[in-house]
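Please read the structure below before turning to the comments.
The values are calculated or read from the model by the stated rules, or taken from the named source; none is laboratory data. Note that the coordinates shown come from a computational prediction; the quantities given were computed from them, not determined experimentally. Reconstructed Cβ throughout: ideal geometry from the backbone, glycine too, with neighbour counts over all protein chains shown.
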Amino acid sequence: MEGFDILNLFIVLFAAWGAGALINRIGYPAILGELLVGVIIGPSLLGLVDTSSTLVIISEAGVILLMAYIGMEINFKDLGKASWAGLLAAIGGFVVPFGLGYYVVTLSGGSSMAGLFVGIAVGVTSLATKSRILVDLGLLDTRIAYVLMAGALISDTLALIIFAGLSSFIDAGAVNMAEILFIAIKIILFFAFATAFGLYVLPRIGKWMSGRNIENRTTYFTLLLLIVFGLSELAELVGLHGILGAFVAGVFIKDGVFHDKITKDITRVFHDVSIGFMAPIFFVTAGFHVTLDVFKTDLQLLLLIVGVAFAGKILGTVLFYLPSGNGWREGLAVGTGMNGRGAVEIVIAGIGLQKGIISQEIFSILVFMAILTTLSVPVLLTWTTNWLKKRGELVKQFSRQGYVILGANPLALVLGKHLAETNKVIFIDANKSICEEAKSQGFDCIHGNILEESTLNEAGIKDFRTFIALTVNNEINLLASQFVYDTLFIPEKFIVISRNKGEGGSINLLSSVSASTLFSSKVDIQPWIQKIQDSNYREVAISMSQKTDTRDWVKSQDSESKPLLPLVIVDRSGLKRPFRYNDFIDAGEKVIYIE
């Protein structure tokens with residue numbers, strides 16, 4: 001029996017990895033591949049694997065860790081960036097599909113409790129799915145991104161709370177007013193205890209461990225596992241589901257609780273253990289419970305639920321978004337982005353099936369609904385955002401702003417002058433006299449070693465959006481970017497890579513630190529520094545008549561055999577950004593270069 005379970009585990013993991021990797025290559029989240037391969041290898045089609053006790057235990061633990069990781073990835077501070085618009089989108093995108101889903105099920109002969117579960121499932125939206133798609137479409141710096149993330153956070157949190165209440169009522173059996181009051185008191189006490197623990201006890205534990213120089217990642221990981229499973233069990237004891245306790249535990253594991261590097265390392269470990277190992281087992285085995293008979297016996301109900309999921313989410317968001325003043329077209333884009341479902345919906349549906357609240361047919365319909373709606377997001381969101389972009393209505397909104405530039409050499413100062421017109425710029429340099437020269441030109445410059453945290457803290461680098469490494473030494477540039485990557489959450493990193501063969505830097509290493517090449521190619525910057533120092537250069541601005549990739553633009557200029565160095569791209573509103581690899585120059589934008 002043990003050998004059979006191990007074989008099942010191997011097959012499920014291999015299938016999850018293969019299907020997830022395959023569907024990722026075509027631009028969709030791995031969860032879709034995991035669900036689909038579960039249908040294929042499960043009892044519905046090939047019958048290669050069936051549910052076993054080993055798979056059930058691992059998948060349930062995987063869901064707990066997944067919800068903790070989702071909680072870790074949520075930053076409540078970002079809700080303020082979306083503010084009123086995000087709240088409206090969340091309410092409209094949850095309430096309307098929730099109501100429609102409930103009535104479709106009850107009018108089709110289902111119970112009220114089944115209708116509520118379906119309503120919750122069609123009302124949620126996938127936070128993890130949104131993050132991946134926003135990155136792929138290059139929308140993270142837009143107002144739409146913040147509204148989508150806020151909407152996903154609020155709707156998923158609301159869904160979990162409603163689900164927790166329903167779960168308690170179901171477990172209580174016959175419910176009277178005294179029972180309802182008792183359940184409500186238990187829920188309030190749980191949230192009060194969890195909040196007090198997260199806000200007051202956990203930071204003190206972190207401070208105590210830091211004071212004793214405990215830096216072992218395994219120790220922190222074990223501690224957080226105890227906290228996650230402890231709050232999960234506490235949630236179960238008060239009648240809630242364990243996933244809510246895990247989610248709450250993850251939310252409180254934030255910056256400032258532990259050392260920044262420890263927090264980032266632990267988040268990665270939770271990601272790898274949950275998304276890389278245990279959670280895929282849950283989603284593959286969820287596919288085992290999907291029956292294809294719904295296409296024959298319940299096709300009408302399938303089409304109705306999928307229809308209300310699409311219409312309720314998109315139209316509900318558009319309708320409720322109108323008071324934001326951002327326009328119905330932006331509301332339509334937000335609605336198409338929020339239409340995808342994912343982990344939370346499948347988890348809730350799976351628990352409903354386990355408790356006998358929904359049938360296997362309803363569960364199958366909800367899985368297909370999650371697949372179809374998520375598949376639609378990249379297509380519809382691309383179409384709506386491109387429409388907004390053409391109309392000039394795609395609004396940029398940064399959670400962090402400003403540039404930290406390593407190296408205060410003459411070339412860096414020229415670049416800094418352009419960027420400082422609309423952004424905060426601060427320099428870091430280990431050479432005191434160079435730093436003083438930068439200060440004499442009106443810049444803030446921190447004298448210190450970039451590889452020391454005291455220097456980063458003095459610069460306040462955590463509040464900046466972009467880090468630029470602009471020294472003549474490739475290895476220093478890469479080391480500094482690696483250090484920033486390992487210790488801080490800086491969204492953008494641009495690095496100068498020189499053509500000097502003697503240097504150890506390479507463009508191939510940039511992906512390891514999630515960085516991009518400044519100037520969009522390898523450049524030996526020392527001659528340019530000398531030209532600027534000798535005042536033997538001039539700046540030129542040219543307008544683009546058609547959209548061009550930055551790398552293609554550099555190649556076209558190289559073919560003209562005249563040495564030049566592109567500094568910044570100026571958009572139609574006058575905002576300047578560094579010229580770097582993997583960017584586009586739109587028609588009507590300008591390139592400023594030196595020659």
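Out of (1) at positive phi; (2) modelled with pLDDT of 85 or more, the odd one out for Phe310 is which?
(1)
Is it the case that Val395 is outside the structural domain of Gly101 (by TED's automatic domain parsing) and either over 30 Å from Ala279 (Cα atoms) or surrounded by 16 or more Cβ atoms within 10 Å (Cβ to Cβ) (or both)?
So Val395 passes the test.
Say we look at the range 516-526 and pick out the residues that are aliphatic (A, V, I, L, M) and part of a loop (DSSP other than H, G, I, E, B); which of these is modelled with the lowest pLDDT?
Checked the range 516-526; the qualifying residue modelled with the lowest pLDDT is Val523.
Gly287 versus (1) surrounded by 18 or more Cβ atoms within 10 Å (Cβ to Cβ); (2) within 24 Å of the chain's Cα centre (by Cα); (3) small (Gly, Ala, Ser): which is the lone unmet condition?
(2)
Failed condition for Pro410, given (1) of a type outside the set (Asp, Glu); (2) loosely packed, with under 14 Cβ neighbours inside 10 Å; (3) in contact (Cβ under 8 Å) with a residue 40 or more places away in the chain, with all others met?
(2)
Can you find even one residue in the range 451-469 that is under 22 Å from Pro527 (Cα atoms), within 27 Å of the chain's Cα centre (by Cα) and in the same structural domain as Pro566 (by TED's automatic domain parsing)? Give the steps one after another, and end with the answer.
Step one: of the range 451-469, the residues under 22 Å from Pro527 (Cα atoms) are 468-469.
Filter once more, so that each one left must be within 27 Å of the chain's Cα centre (by Cα): 468-469.
Then drop every residue that is not in the same structural domain as Pro566 (by TED's automatic domain parsing), which leaves 468-469.
Checking the range 451-469: at least one residue is under 22 Å from Pro527 (Cα atoms), within 27 Å of the chain's Cα centre (by Cα) and in the same structural domain as Pro566 (by TED's automatic domain parsing).
Can you find even one residue in the range 173-181 that is surrounded by fewer than 14 Cβ atoms within 10 Å (Cβ to Cβ), at pLDDT 70 or above and more than 15 Å from Gly245 (Cβ to Cβ)?
Checked the range 173-181: at least one residue is surrounded by fewer than 14 Cβ atoms within 10 Å (Cβ to Cβ), at pLDDT 70 or above and more than 15 Å from Gly245 (Cβ to Cβ).
Test Asp534 against the stated conditions and say whether it is in the same structural domain as Val472 (by TED's automatic domain parsing) and closer than 21 Å to Phe467 by Cα.
Answer is no for this residue.
Which condition number does Asn386 fail, the rest of (1) in a helix (DSSP H, G or I); (2) touching a residue at least 40 places away in the same chain (Cβ under 8 Å) being met?
Of everything listed in (1) in a helix (DSSP H, G or I); (2) touching a residue at least 40 places away in the same chain (Cβ under 8 Å), Asn386 misses just condition (2).
Considering only residues that are charged (D, E, K, R) and assigned to a loop (DSSP other than H, G, I, E, B), look in the range 397-441 and name the one that is farthest from Ile525 (Cα to Cα).
Arg400
Tell me yes or no: at least one residue of the range 348-357 is more than 22 Å from Ile371 (Cβ to Cβ) and not in a helix (DSSP H, G or I).
Taking every residue of the range 348-357 in turn, at least one turns out to be more than 22 Å from Ile371 (Cβ to Cβ) and not in a helix (DSSP H, G or I).
Given (1) out of contact with any helix residue (DSSP H, G or I) (no Cβ under 6 Å at 6 or more places or on another chain); (2) assigned to a helix (DSSP H, G or I); (3) of a type outside the set (Phe, Trp, Tyr), identify the lone condition not met by Arg577.
Against the list (1) out of contact with any helix residue (DSSP H, G or I) (no Cβ under 6 Å at 6 or more places or on another chain); (2) assigned to a helix (DSSP H, G or I); (3) of a type outside the set (Phe, Trp, Tyr), Arg577 comes up short only on (2).
Do we find that Ile214 is over 28 Å from the mean Cα position of the chain (by Cα), of a type in the set (A, V, I, L, M, F, W, C), outside any helix (DSSP H, G or I) and surrounded by fewer than 20 Cβ atoms within 10 Å (Cβ to Cβ) in this structure?
Yes, satisfied.
Which residue pairs have Cβ atoms closer than 6 Å, lie 6 or more positions apart in sequence or on different chains, and pair a first residue in the range 437-461 that is without any contact (Cβ under 8 Å) to a residue 12 or more places away in the chain with a second residue that is outside any helix (DSSP H, G or I) and of a type outside the set (Asp, Glu)?
Hits for this filter: Lys439/Cys445.
Restricted to the range 466-515, and to residues that are in a loop (DSSP other than H, G, I, E, B) and under 24 Å from Ile266 (Cβ atoms), which residue is modelled with the lowest pLDDT?
Only one residue fits best here, namely Phe489.
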